[in-house]
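The values are calculated or read from the model by the stated rules, or taken from the named source; none is laboratory data. Everything numeric in this text was worked out from a predicted model, so none of it was measured. For neighbour counting, all protein chains shown are included, and Cβ atoms are generated from backbone atoms with ideal geometry for every residue, glycine included.
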Amino acid sequence: MKPIRKAVFPVAGLGTRFLPATKAIPKEMLPIVDRPLIQYAVDEAREAGIEQMIFVTGRGKSAIEDHFDIAFELEKTMAERGKSLEVLEPTRLGPGNCAYVRQQEPLGLGHAIWCARAIVGDEPFAIFLPDEFMVGSPGCMKQMVEAYNRLGGNLISVLEVPRETVSSYGVIAPGARDGDITEVTGLVEKPKVEDAPSNLIISGRYILQPEVMRTLENQEKGAGEEIQLTDAMARMIGTQPFHAVTFAGKRYDCGSKVGYVQANLAIALARDDMGEEIRAFALDLLAN
Ligand code: G1P
């Protein structure tokens, strides 16, 4: 079984829900306290043993490339002033550890992934949707890689949501369940509530076999008139093993403003350097 060495981060989206904050900066650069969302996703990939990060970007996304580059003037100045550069350590992705490819038109998530096909090549790979912010130890992808090492095939992370919200997501038809692993017997992108096969949604982490690229090649438009990754995965069920992993941690939907604020509060409260202060402030705020 080939190991998971590469991860694709589709980051070409416009981020209209966060305007005006995202007019001039990518939504993936919005910070949770002091670390951009994309940094958390890359850290989660590294923790899972992934070595090469492939970003599918678009116009206006160069801040992501700068973030993972060396900032020569900044580092030189900090070093001269005797400041520690440790905080920048996770932001360094050398040329062998990252690649950027453009999605030139907003044709959907499936199309974004397909744009990375030449760099992914003929090996299984991970996908991270960075606005799905996963907090836990081990991280979501590490938990999935461990499951992959036992099961092989294709894996997606899932979680339960209130039934009335399923229409915003990809939804699985669940088969047999064994602990945190559920067999996937069907997949549908953004179904009507009454048509949804369950309330288990795809929560933004995938391990897929390279055949998905060939399936995407001739994938027709689906929900929202976009080329959907979910539709391509659905066509692979039956030809390859397909399982869902229920993540044993917390998930924040940072594609929504409420989820984003919740994530900031939760992470701030959990931090050693500010948790106590924030807790006291929040309690005081709520009491008055
Ligand atoms: C995408 C996927 C969907 C998944 C969701 C998770 O949808 O197509 O299957 O459930 O991410 O956030 P989007 O949020 O891009 O509409």
How many of the residues making up segment 205-227 are outside any helix (DSSP H, G or I) and at positive phi?
0
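Limited to segment 159-197, what total is found for residues that are of a type in the set (Gly, Ala, Ser) and touching a Pro at 6+ places or on another chain (Cβ under 8 Å)?
Restricting attention to segment 159-197, the residues satisfying the condition of being of a type in the set (Gly, Ala, Ser) are 167-168, 170, 173, 175-176, 179, 186, 196.
When the remaining residues are screened for being touching a Pro at 6+ places or on another chain (Cβ under 8 Å), the result is 167, 173, 186.
Residues that pass the stated criteria total 3.
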State all residues of segment 232-265 that are surrounded by fewer than 15 Cβ atoms within 10 Å (Cβ to Cβ), touching a strand residue (DSSP E or B) at 6+ places or on another chain (Cβ under 8 Å) and hydrophobic (A, V, I, L, M, F, W, C); if no residue qualifies, say none.
none
Grab the strands (runs of 3 or more DSSP E) fully contained in segment 94-147, keeping just those with 3 or more residues being at pLDDT below 95 and closer than 23 Å to Tyr252 by Cβ.
none
If I filter segment 204-221 down to residues being under 24 Å from Asp131 (Cβ atoms) and modelled with pLDDT of 95 or more, which single residue comes out as nearest to the ligand (Cβ to nearest atom)?
Gly204
If we keep only residues of segment 95-154 that are among the polar types (S, T, N, Q) and over 24 Å from Leu30 (Cα atoms), then the residue nearest to the chain's Cα centre (by Cα) is Gln143
Top-ranked residue of segment 157-196 - restricted to ones that are more than 9 Å from the ligand (Cβ to nearest atom) and among the polar types (S, T, N, Q), ranked as surrounded by the most Cβ atoms within 10 Å (Cβ to Cβ)
Ser157
